[in-house]
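These notes concern the structure reproduced below.
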Amino acid sequence: MIWSKEETLPRHELEKIQTKRLKETVERVCAHVSFYQNKFKELGITPNDINSIEDITKLPFTKKKDLRDNYPFGLFAVKQDAVIRIHSSSGTTGKPTVVGYTKSDMDIWGEVMARVFTMAGVNSHDTVHNAYGYGLFTGGLGVHNGAETVGATVVPSGGGFTSRQLLLMKDFGATVLTSTPSFALHMVETALAEGYDLQKDFKLKCGIFGAEPTSKGLKEEVARVWGIKYYEVYGLSEIIGPGVSNSCDESDDLHIFEDHFYPEIINSTTGEVLPFGEKGELVITSLTKQALPILRYRTGDITALDRTPCKCGRTHVRMKSIMGRVDDMLIVNGVNVFPSQIEHVLSNIEGITLNYQIIADKKGYLDKLEVMVEVTEDMPLDSIGALEKIKKTIQHELLNNLYINADIKLVEPRSIERSVGKAIRVIDKRSL
Ligand code: DLL
């Protein structure tokens, strides 16, 4: 089943819609967002220069930093009374990235997520157990909205409380699981430890997983142990949240909902647009967003695009599963964090230095983060009470500011190995 006719439009018709919507978006940002007004002035262009979708390459890029520099609402193109929802992610110097939605944006989010669910064969007869986090993160509420749009019964369980989640999944007869892939596997471990029979006790037929980089092996493992079909959803808050693209029955690649989100692949160093099939940084322009329209957003995600026809009948371009990042952003159990954000938190804590290392690893199927930090010279290492207090403070600040749970290891001054060139701040032992 296909949710909307826009997903199967012939390319020339799709391009007509994209051109019209791009022109409207450009006019909107030039009328209401001073950041873009200045960018257009610098580049010596006006909205009249945009006459076809190909003209998109004349437009400026937008980066995460631009959202932070214009914190909180500087890039919004509507007045506050038109904004009905705010989401946000953690930020470098305490300033989060803030995104907003009008009623029309929320309807479009519901629509694209309805396409995602329909791609996975989900309808009003299904019960969706939604274990993506609710709250400021776009995962929980974004997925929720789409499940309701297709008329499914949603169980808004959110993250954590694995035992209770399993009980609800069994008793409510969930047929669809939505969560990060690592959480889906973590559930398996808990279920087996608690004596459940995965095939007999649960009615799951499929899962819609995303929000973190996942290897082919891990996807196959999730599908195998649960005995379900694995669908992958991709998205990011700056563009809408989950629902930018999703995999169909015929392919592991993900159809991008191109009538709303226009994709390009660029060489992240030169900014040059790369041809279909080549690997590079994914750049997305929102074509219909009202509250936070965004031009050529540098996602930092590495992938490649494929325009060859798909057997499922959808004409929208497909992207490969994310192959990595162009920057040092870590995704820990679905939460995005930059090493610089951790450094900022550490810099405000007494008794430690800024000689630190972040070690990302797996504990079972979940991600585990350890922050190893050297204490100051005057901090006696035998003062257990003082060290415990520092550890607790770091843990608390990381959780409060960045929403991450980390183990803290305090070590002696000068004990972390120094490197000749750039300091090695991150050791990522998780391999894709
Ligand atoms: O993670 C939105 C989302 C929620 C997507 C639930 C899918 C499911 P952010 O918190 O803004 O939004 O993080 C966006 O997460 O730039 C990618 O680096 C990563 N990401 C999202 N989906 C995938 C995926 C949500 N399927 C950032 N594979 C993005 C790999 C993904 N990485």
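The charge dipole of the stretch 1-325, taken about its Cα centre with unit charges on the Cβ of Lys, Arg, Asp and Glu (plus for the first two, minus for the last two), comes to roughly 420 debye. Extending 7 Å from the Cα toward the beta-carbon at both residue 48 and residue 407 defines two label points whose distance is 6.5 nm.
So which of 368/429; 20/289; 16/79; 289/311; 229/311; 362/389 end up more than 22 Å apart, counting from Cα to Cα? Don't skip to the end; give the middle numbers.
Numbers: 368/429 10 Å; 20/289 14 Å; 16/79 29 Å; 289/311 30 Å; 229/311 18 Å; 362/389 26 Å.
Where the Cα-Cα span goes over 22 Å, the pairs concerned are 16/79; 289/311; 362/389.
Dividing the alpha-carbon radius of gyration of the chain by the rule-of-thumb value 2.2 N^0.38 Å gives 1.02. Gain on full extension, evaluated as 0.36 nm per residue between residue 353 and residue 34 minus their Cα-Cα distance, stands at 110.8 nm.
Note on the stretch 218-372: semi-axes of the ellipsoid equivalent to its C-alpha gyration tensor, largest first and rounded to whole Å, are 32, 22, 14. Available extension along the chain between residue 308 and residue 163 is 47.8 nm, counting 0.36 nm per residue and deducting the alpha carbon span. Restricting attention to the stretch 1-325, close to 65% of DSSP beta bridges with both partner residues there are antiparallel.
Using a simple spin-label model with pseudo-atoms 7 Å out from Cα toward Cβ, residue 249 and residue 415 lie 5.8 nm apart.
To make sure I understand the rule: partners must be aspartates and glutamates, Cα under 14 Å from the Cα of residue 203, and not fewer than 8 residues away in the same chain. Which ones qualify? Output for residue 203: 126, 171.
Can you give me the % of accessible surface on the stretch 330-428 that is carbon or sulfur? Probe 1.4 Å, all protein chains present, nothing else counted.
Details: 2750 of 5450 Å².
Ligands and nucleic acids excluded, carbon and sulfur reach 50 percent.
Label-to-label distance for residue 215 and residue 424 is 2.0 nm, based on points extended 7 Å past Cα in the beta-carbon direction. Long hydrophobic helices in the chain, taken as whole DSSP H segments with a C-alpha length of 15 Å or more on their own axis and mean Kyte-Doolittle hydropathy at least 0.0: 103-119, 181-193. When 219, 289, 103 are compared by accessible area of protein heavy atoms, the largest-first order is 103, 219, 289, using a 1.4 Å probe. For the stretch 330-428, what is the percent of antiparallel DSSP beta bridges, rounded to the nearest 5? Of the beta bridges lying entirely in the stretch 330-428, close to 55 percent run antiparallel.
Here the calculated FRET efficiency for residue 189 and residue 377, from their Cβ-Cβ distance with R0 = 51 Å, stands at 0.75, rounded to the nearest 0.05. Residue 418 contributes about 120 Å² of solvent-accessible surface, heavy atoms of the protein only, 1.4 Å probe. Rolling a 1.4 angstrom probe over the protein heavy atoms with all chains in place gives the chain an accessible area of 44 Å² per residue. Packing here is the average count of other Cβ atoms within 10 Å per residue, and on that basis the peptides 175-181, 228-234, highest first, run 175-181, 228-234.
Could you work out what % of the accessible surface of the stretch 182-223 is carbon and sulfur, using a 1.4 angstrom probe and leaving DNA, RNA and ligands out of the count?
Details: 990 of 1850 Å².
Ligands and nucleic acids excluded, carbon and sulfur give 54 percent.
The values are calculated or read from the model by the stated rules, or taken from the named source; none is laboratory data. Quantities reported herein were computed from a predicted structural model and do not represent experimental measurements. All Cβ positions, glycine included, derive from the backbone under ideal geometry; neighbour counts span all protein chains shown. For accessibility, only protein heavy atoms count, side chains too; no ligands or nucleic acids. Shrake-Rupley method; radii C 1.70, N 1.55, O 1.52, S 1.80 Å.
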